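Before any comments, here is the structure.
Nothing in this text is a laboratory measurement; each read-out follows from the coordinates by a stated rule. Please read these numbers as outputs of a predicted model, since none were measured by experiment. Cβ sites come from the backbone with ideal geometry, for glycine too, and all protein chains shown count toward neighbours.
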Amino acid sequence: MSSTNDNIHKGHRQRLKDKVRKSGLAILSEHEVLELMLTYTIPYKNTNPIAHELLKVYRSFSNVLDADIEDLKKINGVGEETSLFLSMLPSVFELYKKYKKQSEVYFSTTSKFVEYFRSKYEVGTKEKIYIFCLNYNYKLIKTKEFDGGNINSIMLDIRDFTENLLDKNTYSIILAHTHPDGDPLPSRNDINATKEIMTYCNIFKVKFLDHIIFTDDNYCSFKETKRI
């Protein structure tokens, strides 16, 4: 049977997790962050005193993570798995920053967008439409793909379309779609649908940057051809 202290500890651990879910990790104190981290390698023990002891010995959160694996194991309650976990974290953070930077995509020019699209998507045999949502620095934050055969299909589900515009981080969008028939020039439907989409962008104060039609070996930019 669990002791009263165990039940209190269990509730405390859950409260820490609830805080993070609601307000983020920054709301926790230094020892609370360390305490919560320790629960993932020490699941059945009160990690609060271990966190306090680590901070007492190493004097700061960063020093704990920079400590030698063998030295960490000298702390009561810290075993092989926990010492390895803590010592790996600085390298994990560095890898996160490295790969995040590599994955960030900015569309400052039409040519950069065309190059990116060509590297990620194929024209295929069925017409597809894409919305690329950018932040105020023109960094890509998300992409939405629509199937349906032609650009008018977007207008058939305007709720889904506007949800992308309502995203608080969306500052501007680029519309792209494919013409498998090999003709990059916009049809009358393409032009009319683009105007309607631009109207919705204006309503939601989202900047419409361009509509680019792709074929296997060519493209047509509404912006470059002064259609918008």
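Go ahead and run the numbers for FRET between residue 40 and residue 120, Cβ-Cβ distance against an R0 of 35 Å, rounding to 0.05.
Step by step, r from the Cβ atoms, then E = 0.50.
If one takes the longest principal axis of the Cα atoms in the chain, at what angle in degrees, from 0 to 90 and to the nearest 10, does the Cα axis of helix 4-23 lie?
30 degrees
Tell me what the chain gives for mean residue ellipticity at 222 nm when only DSSP H runs of n ≥ 4 count, each as -39,500 (n - 2.57), the sum divided by the residue total, rounded to 500 deg cm²/dmol. Present the calculation step by step, with values, prior to reporting the outcome.
Values: 10 runs with 115 residues, N = 228.
Result for the chain, helices only: -15500 deg cm²/dmol.
Any chance you could give the angle, 0 to 90 degrees and rounded to 10, that helix 110-120 forms with the longest Cα principal axis of the chain?
70 degrees
For the stretch 30-69 and the stretch 178-218, what is the separation of their Cα centres, given in Å?
Distance between centres, Cα-based: 54 Å.
Nearest 0.05, what FRET efficiency do residue 160 and residue 181 give at R0 = 25 Å with Cβ-Cβ as r? Walk me through the intermediate numbers first.
Working: r = 26 Å, r/R0 = 1.03.
Efficiency for this residue pair is about 0.45.
Give 168/205; 17/74; 17/100; 101/223 a once-over and call out the pairs whose C-alpha atoms are over 19 Å from each other.
Exceeds cut-off: 17/74; 17/100; 101/223.
Holding the Cα-Cα limit at 28 Å, pick out from 139/226; 128/207; 98/195 the pairs that are longer than that. Can you show the working numbers first?
Numbers: 139/226 24 Å; 128/207 22 Å; 98/195 40 Å.
The answer is 98/195.
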